[in-house]
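Notes follow the structure.
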Amino acid sequence: GMSSIALSQAEDPEKVRDCLKKITLSSHHLIELINDVLDMSKIEKGKLELAEAPFSLKELLGDVESILSPQACAKKQELCFHNPKSPHDHLCGGAGRIRQVLINLITNAIKYTPDGHSIHVTINETEFDDKKARYVFVCEDTGIGIRAEDLPRVFEKGFTGYNGREENRSTGIGLYLCGKIMKRLDHGIRIESELGKGTKVFLELGRKKMDLY
């Protein structure tokens, strides 16, 4: 989609640069996704490799928004990021894995939310001291929701929540990977959902606090 826009707007250098940036971000995301699938055996054996390094929370969220905004736009959805209480931007942790989890979760929200609806991602810094901080991310949609009896299985490999509509068919890998990654990072993840009304996913980043730098 970004390639087509760039070709049609070739006389506008700024637009082309924006498209190329989004293509690059999406390419990096695809590489990460492929690596996650190839490393499935390592994940299941508890040998998931982590790369912890300094990162900017603002830049991470900007990357996620840039990658996913075209998907939301295609469905005439509004993708809203809210960051009301985060005095710290420079953190140290597994930024690549956190980005992967956020992209998986928001992609699901876009996929299972009707055209024209809104998806909200809220980030709150809930606690901090001189060296560490805790965050809660909430991804909320008004999509098809999940049946109460299925909620205990959402992080199992192969769970799809498939409701018979072809456009909602999935591989059943995304949430499984999210659960494994968050556990390996010692972060928390939980889901609240009601069939026909939507879903909320809560990420607790830094149950033992994330390092500041």
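The values are calculated or read from the model by the stated rules, or taken from the named source; none is laboratory data. Values in this document were obtained by computation on a predicted structure and should not be read as measured data. Note that each Cβ is placed from the backbone with ideal geometry, even for glycine, and that neighbours are counted across all protein chains shown. Heads up: the accessible areas ignore ligands, DNA and RNA and are worked out on the full protein's heavy atoms, side chains in. Shrake-Rupley method; radii C 1.70, N 1.55, O 1.52, S 1.80 Å.
Given R₀ = 30 Å, what would the calculated FRET efficiency be for H88 paired with F202, taking r from the Cβ atoms and rounding to 0.05?
Working: r = 20 Å, r/R0 = 0.67.
For R0 = 30 Å, the calculated efficiency reads 0.90.
Given the Cα-Cα distance of H120 and K47 and 0.36 nm per residue of separation, how much length would full extension add, in nm? List each step's numbers first, then the result.
On the way: separation 73, 0.36 × 73 = 26.28 nm, distance 3.29 nm.
Contour length minus Cα-Cα distance gives 23.0 nm.
Tell me, what is the FRET efficiency for K157 and D18 to the nearest 0.05, using R0 = 41 angstrom and their Cβ-Cβ distance as r? Can you show the working numbers first?
Working: r = 37 Å, r/R0 = 0.91.
So the FRET efficiency works out to roughly 0.65.
Over its Cα atoms, what ratio of radius of gyration to 2.2 N^0.38 Å does the range 54-168 give?
Normalised Cα radius of gyration, the range 54-168: 1.17.
For R17, R97, give the ranking by accessible area with the largest first, probe 1.4 Å. Let's see the in-between values first.
Details: R17 135, R97 45 Å².
So the residues, ranked largest to smallest area, are R17, R97.
Sorted by accessible area with a 1.4 angstrom probe, largest first, how do L175, L7, L48 fall? Mind dumping the intermediate values first?
On the way: L175 30, L7 145, L48 10 Å².
Reading off the accessible areas and sorting them downward yields L7, L175, L48.
What distance in nm separates the simple spin-label points at S56 and D130, each placed 7 Å from Cα in the Cβ direction?
So the label points at S56 and D130 sit 2.7 nm apart.
How far is it, in nm, from the label point at V138 to the one at L38 when both lie 7 Å from their Cα along the line to the Cβ?
For the pair V138/L38, the computed spacing is 3.9 nm.
Scan the chain and hand back the longest stretch that contains none of the GluC sites (Glu not before Pro) lying in DSSP loops with at most 11 other Cβ atoms within 10 Å.
Numbers: sites that count: E11, E49.
That gives 50-213 as the longest site-free run.
Please compare each pair in K15/K197; K45/K75; K58/K200 to a cut-off of 32 Å on the Cα-Cα distance and tell me which ones are over it. List each step's numbers first, then the result.
Values: K15/K197 37 Å; K45/K75 38 Å; K58/K200 22 Å.
Exceeds cut-off: K15/K197; K45/K75.
Ignoring any ligand, DNA or RNA, what whole percent of the accessible area of the chain comes from carbon and sulfur when the probe is 1.4 angstrom?
On the way: 6210 of 11760 Å².
Answer for the chain: carbon and sulfur cover 53 percent of the accessible area.
Running a GNM on the chain with Cα contacts under 10 Å, which residue among K22, K58, K180 ends up with the highest mean-square fluctuation?
For the chain, modelled as a Gaussian network with Cα springs under 10 Å, the answer is K58.
Compute the Rg to Rh ratio over the range 56-122 from the alpha carbon atoms, using the Kirkwood formula for Rh, and round to two decimal places. Present the calculation step by step, with values, prior to reporting the outcome.
Numbers: Rg = 12.4 Å, Rh = 12.5 Å.
Dividing the radius of gyration by the Kirkwood radius yields 0.99.
Under a 1.4 Å probe, what is the accessible area of the chain per residue, stated in Å²? Mind dumping the intermediate values first?
On the way: 11760 Å² over 213 residues.
Dividing the accessible area of the chain by its residue count gives 55 Å².
For the full complex of protein chains and a 1.4 angstrom probe, list D186, D150 by accessible area with the highest value first. If you can, show how the numbers build up before the last one.
On the way: D186 55, D150 15 Å².
These residues rank, largest area first, as D186, D150.
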